[in-house]
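Below: one structure, written as structure tokens.
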Amino acid sequence: MKPMSGKSGVKRLVWRVACAAIALCVIAGCGPTYPKSRFKESIVDICKREYHIDVKADVSGKTIAIYLPLPNLIDFTFSITKEAGDKINDVILSVSRVALSSDAEFDFYCVIAHDIRIPEIQIIIIKSVDDVKRFLLNDISRGEYSKRMLIDMRFSPQAQKERAIKDVFDKMSLDPKWQEQVMNDFFRSEPAGLGDIGYWNDRFYIKDIALPEFLAEQIASRIKFEFRDDKRLAELFLIKSTKGSFISRVAERTFKIEIYVDNKVVISYGAKSTVEAGGLQTMVGSDEVFKAALKVANDVIHGYRFNDFDHVEITNQKDNSVLKVPRDKMDQYRLKKLKFEDLIKV
């Protein structure tokens with residue numbers, strides 16, 4: 001198998017994890033083999049004993065995090081190597097085994113993989129324990145199961161933050177002991193969102209993941225792949241960025257989805273044509289962008305049977321156009337009791 005890279009690499013890793021989860025069917029039927037008191041140690045022990053992999057584990061609320069340092073996570077093209085992909089798969093399988101055979105109640109697990117040569121780069125994989133259970137019970141398909149994993153390669157936010165602050169400290173000639181105290185007091189804290197999760201300088205930066213924020217990130221991720229994988233959408237649009245968050249206020253709870261989608265323009269040259277992005281002409285308006293994004297949001301929210309929200313708000317940052325749909329109209333639209341044209345009149 002070739003090294004994993006880009007979208008295809010992510011899909012292959014997701015598919016291998018989905019297939020590996022089938023092996024958990026027998027294990028899931030057993031009693032609590034791994035007691036709550038030794039949950040973290042059990043994960044570390046299995047990884048070491050069965051796969052010869054050294055990991056660290058930590059817990060925040062109902063979220064378990066596993067740190068996996070690897071000597072060759074990525075190659076010179078920034079692709080995940082086959083060996084690293086196998087080890088990540090082994091760790092995910094180990095965590096699933098323990099989670100499904102324990103009296104501990106965890107909702108999410110998060111694997112943080114680092115290349116020890118360049119620890120600033122990390123791969124974050126977040127998965128719902130309930131999704132694993134539903135897959136094993138045939139409550140969701142293999143295809144749907146593979147879409148429900150959040151996976152991202154990025155620079156460590158904490159590493160970037162600390163290096164920037166230390167540059168300031170050096171310019172101020174601050175005593176090293178005060179540097180550590182200031183760093184601990186003001187710049188080393190629980191992540192504010194899923195994008196800040198990571199591991200840096202022997203310390204986990206994790207949070208107790210809430211289902212709404214997980215769904216918001218998943219909606220954003222799946223919108224990105226929808227615009228890239230759907231042949232028609234890919235011909236018409238270029239999606240540049242997606243971001244999902246869940247805003248909970250006293251009066252309103254909102255899934256806020258921010259996307260940047262550019263139009264592609266077909267310019268004819270006689271019998272030939274070429275596609276360019278960001279031109280002056282527009283083949284289709286923002287309605288089609290919103291329609292595709294709203295379908296993904298509806299599929300995710302309904303798929304998780306989640307009802308504790310008031311609105312879904314989608315913003316296309318290309319022109320700052322906004323579509324805001326109340327929860328009851330989301331249901332009516334999904335059941336085809338409302339047309340899309342009815343929603344944009346709200």
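If you take the residues of the stretch 53-80 that are among the β-branched types (Val, Ile, Thr) and within 20 Å of the chain's Cα centre (by Cα), which of them is nearest to ILE121 (Cα to Cα)? Before you say what the answer is, go through the steps one by one.
Just the residues of the stretch 53-80 that are among the β-branched types (Val, Ile, Thr), to begin with: 53, 55, 59, 63-64, 66, 74, 77, 80.
Still in the list and also within 20 Å of the chain's Cα centre (by Cα): 59, 63-64, 66, 74, 80.
Details: VAL59: 22, THR63: 22, ILE64: 21, ILE66: 16, ILE74: 9, ILE80: 12 Å.
Only one residue tops the list, namely ILE74.
Take residues that are of a type in the set (Gly, Ala, Ser) and tell me which of the helices (runs of 4 or more DSSP H) falling wholly in the stretch 126-214 contain 1 or more.
Values: elements: 129-136, 142-147, 157-172, 176-182.
By residue number, 142-147, 157-172.
Taking the criterion of being surrounded by fewer than 16 Cβ atoms within 10 Å (Cβ to Cβ), modelled with pLDDT under 90 and among the acidic types (Asp, Glu), would at least one residue in the stretch 84-104 satisfy it?
Going through the stretch 84-104, the residues surrounded by fewer than 16 Cβ atoms within 10 Å (Cβ to Cβ) turn out to be 86, 103.
This time we only want the ones that are modelled with pLDDT under 90, so: 103.
Cutting the leftovers down to among the acidic types (Asp, Glu) gives us 103.
Within the stretch 84-104, one or more residues are surrounded by fewer than 16 Cβ atoms within 10 Å (Cβ to Cβ), modelled with pLDDT under 90 and among the acidic types (Asp, Glu).
Inspect the stretch 20-32 for any residue being at pLDDT 60 or above, loosely packed, with under 15 Cβ neighbours inside 10 Å, more than 24 Å from the chain's Cα centre (by Cα) and outside any strand (DSSP E or B) and give the result as yes or no.
We begin by selecting, within the stretch 20-32, every residue at pLDDT 60 or above; these are 32.
Next, only the ones that are loosely packed, with under 15 Cβ neighbours inside 10 Å stay: 32.
Still in the running and more than 24 Å from the chain's Cα centre (by Cα): 32.
Filter once more, keeping what is outside any strand (DSSP E or B): 32.
Looking through the stretch 20-32, at least one residue is at pLDDT 60 or above, loosely packed, with under 15 Cβ neighbours inside 10 Å, more than 24 Å from the chain's Cα centre (by Cα) and outside any strand (DSSP E or B).
Which condition breaks for PHE108 when tested against (1) under 15 Å from TYR199 (Cβ atoms); (2) within 18 Å of the chain's Cα centre (by Cα)?
(1)
I want to confirm something. Restricting to the stretch 198-256 and keeping residues that are more than 19 Å from the chain's Cα centre (by Cα) and of a type in the set (S, T, N, Q), which single residue is surrounded by the most Cβ atoms within 10 Å (Cβ to Cβ)? Steps first, answer last, please.
Residues of the stretch 198-256 more than 19 Å from the chain's Cα centre (by Cα): 200-203, 230-238, 248-253.
Filter once more, keeping what is of a type in the set (S, T, N, Q): 201, 248.
Working: ASN201: 11, SER248: 13.
The residue in question is SER248.
Residue-wise test of (1) under 19 Å from SER42 (Cβ atoms); (2) outside the structural domain of VAL132 (by TED's automatic domain parsing); (3) assigned to a strand (DSSP E or B); (4) touching a His at 6+ places or on another chain (Cβ under 8 Å).
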| site | (1), (2), (3), (4) |
| --- | --- |
| ILE66 | yes, no, yes, no |
| ALA84 | no, no, no, no |
| ASN89 | yes, no, no, no |
| ILE92 | yes, no, no, no |
| SER96 | yes, no, no, no |
| ALA104 | yes, no, no, no |
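Check whether at least one residue in the stretch 179-189 is more than 26 Å from LYS291 (Cβ to Cβ), surrounded by 15 or more Cβ atoms within 10 Å (Cβ to Cβ), under 21 Å from the mean Cα position of the chain (by Cα) and not small (Gly, Ala, Ser), and report yes or no.
Looking through the stretch 179-189, none of the residues is more than 26 Å from LYS291 (Cβ to Cβ), surrounded by 15 or more Cβ atoms within 10 Å (Cβ to Cβ), under 21 Å from the mean Cα position of the chain (by Cα) and not small (Gly, Ala, Ser).
Please go through the stretch 125-163 and give me each residue that is surrounded by 15 or more Cβ atoms within 10 Å (Cβ to Cβ), of a type in the set (S, T, N, Q) and farther than 16 Å from ILE88 by Cα, ordered by number.
Hits for the stretch 125-163 are SER128, SER156, GLN158.
Considering only the stretch 141-191, state which residues are without any contact (Cβ under 8 Å) to a residue 24 or more places away in the chain and of a type in the set (Phe, Trp, Tyr).
Initial filter on the stretch 141-191 (without any contact (Cβ under 8 Å) to a residue 24 or more places away in the chain): 141, 143, 163-186, 189.
Across the stretch 141-191, the qualifying residues are PHE169, TRP178, PHE186.
The values are calculated or read from the model by the stated rules, or taken from the named source; none is laboratory data. Just so it is clear, the structure is predicted and the values come from calculations on it, not from any experiment. FYI the Cβ positions are ideal-geometry reconstructions off the backbone, even for glycines, and counts take in every protein chain you see.
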